[in-house]
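Trainee: Could you have a look at this structure, given as structure tokens, before my questions?
Coordinate-derived values only; no laboratory data. Everything quoted here is computed from the prediction, not taken from an experiment. As a convention, Cβ positions derive from the backbone with ideal geometry for all residues, glycine included, and neighbour counts pool all protein chains shown.
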Amino acid sequence: MAGSRVISAQKANTRTRSAFRGSHCRRPNLYSAVQPGGSLYGLQASNPVDTGVAYGGSPSNYGLSNDPMVGGRIGGVNVFGGGLGLYNANGKLVGGIGVSGDTSCADHNVAWLTRSGLKLDFVPGGVSGDPTHKDNIVFDITPQPGQTAGVSAGGWGHPHCGPNSPRASRRLPQHSR
């Protein structure tokens with residue numbers, strides 16, 4: 001699916017951009033901050049996707065080694081779950097992974113499990129409050145009348161994607177040490 005392909009690349013791009021490497025800017029924890037009134041409101045519109053990179057070349061090459069997106073800079077800022085940084089054993093950011101194809105919570109879990117399997121999960125910091133899952137998705141949004149998603153207690157919350165999403169994220173493997 002062309003849309004998920006671009007969203008996946010955008011999620012990985014958001015995580016690897018130097019502007020988002022601070023410990024508080026772990027995706028998916030940008031969601032609440034970019035909502036109206038949030039400290040980063042409008043951020044997701046600040047760096048549009050390069051459509052030439054995203055949709056260039058023949059669609060028959062999408063997902064292959066000669067995909068026209070390979071080596072290109074997709075751009076874009078994506079603020080919901082499914083993108084994570086890849087960190088080597090020294091805690092250095094060496095890349096990003098973006099997953100799209102299900103709910104953003106499921107995408108986050110697939111990205112997490114893939115990163116863990118690659119042993120690129122030596123995460124140096126995050127806002128989750130859990131030292132073994134530093135950049136995990138945060139579910140702290142309280143519904144408020146008149147607001148789409150509600151208010152995040154810590155300012156970095158992500159909406160639930162279903163009744164099992166918080167439990168599933170708590171069961172993810174711990175970060176490597």
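Trainee: Residues with amide H under 5 Å of Gly150's amide H, sequence separation 5 or more or different chain, H placed in the peptide plane at 1.01 Å from N; which?
Mentor: Under 5 Å from the amide H of Gly150 lie the amide H atoms of Gln144, each far enough along the sequence or on another chain.
Trainee: So what is the 222 nm mean residue ellipticity for the chain from helices alone, if each DSSP H run of at least 4 adds -39500 (n - 2.57) and you divide by all residues, rounding to the nearest 500 deg cm²/dmol?
Mentor: Rounded to the nearest 500, it is -7000 deg cm²/dmol.
Trainee: So, one more: So what is the diffusion coefficient of the chain in µm² per second by Stokes-Einstein at 25 °C and 0.890 mPa s, using a Kirkwood Rh over Cα pairs? The partial results should precede the final answer.
Mentor: On the way: Rh = 16.5 Å.
D, rounded to a whole number, is 149 µm²/s.
Trainee: Angle between the Cα long axis of helix 104-118 and the longest principal axis of the chain, 0 to 90 degrees, nearest 10?
Mentor: Helix 104-118 sits at roughly 70 degrees to that axis.
Trainee: Please find the FRET efficiency linking Ser58 to Leu93, where r is the Cβ-Cβ separation and R0 is fixed at 30 Å, and quote it to the nearest 0.05.
Mentor: The calculated FRET efficiency here is 0.40.
Trainee: In whole Hz and in residue order, list the ³J(HN,Hα) couplings for region 125-137 that follow from phi through the Karplus curve 6.51 cos²θ - 1.76 cosθ + 1.60, θ = phi - 60°; x for Gly and Pro.
Mentor: x, x, 10, 5, x, 10, x, 9, 9, 4, 10, 5, 4
Trainee: Aspartates and glutamates near Lys119 by alpha-carbon distance under 20 Å, same-chain residues fewer than 8 away left out - which ones?
Mentor: Filter leaves Asp107, Asp130, Asp135.
Trainee: Give me the net charge of Asn109's neighbourhood, meaning all other residues with Cβ under 12 Å from the Cβ of Asn109; Lys, Arg count +1, Asp, Glu -1.
Mentor: +2
Trainee: Pull up all non-local amide H partners of Val123: gap of 5 or more, or a different chain, and H-to-H distance under 5 Å with H placed in the peptide plane.
Mentor: When sequence neighbours closer than 5 places are left aside, the close amide H contacts are Ser176.
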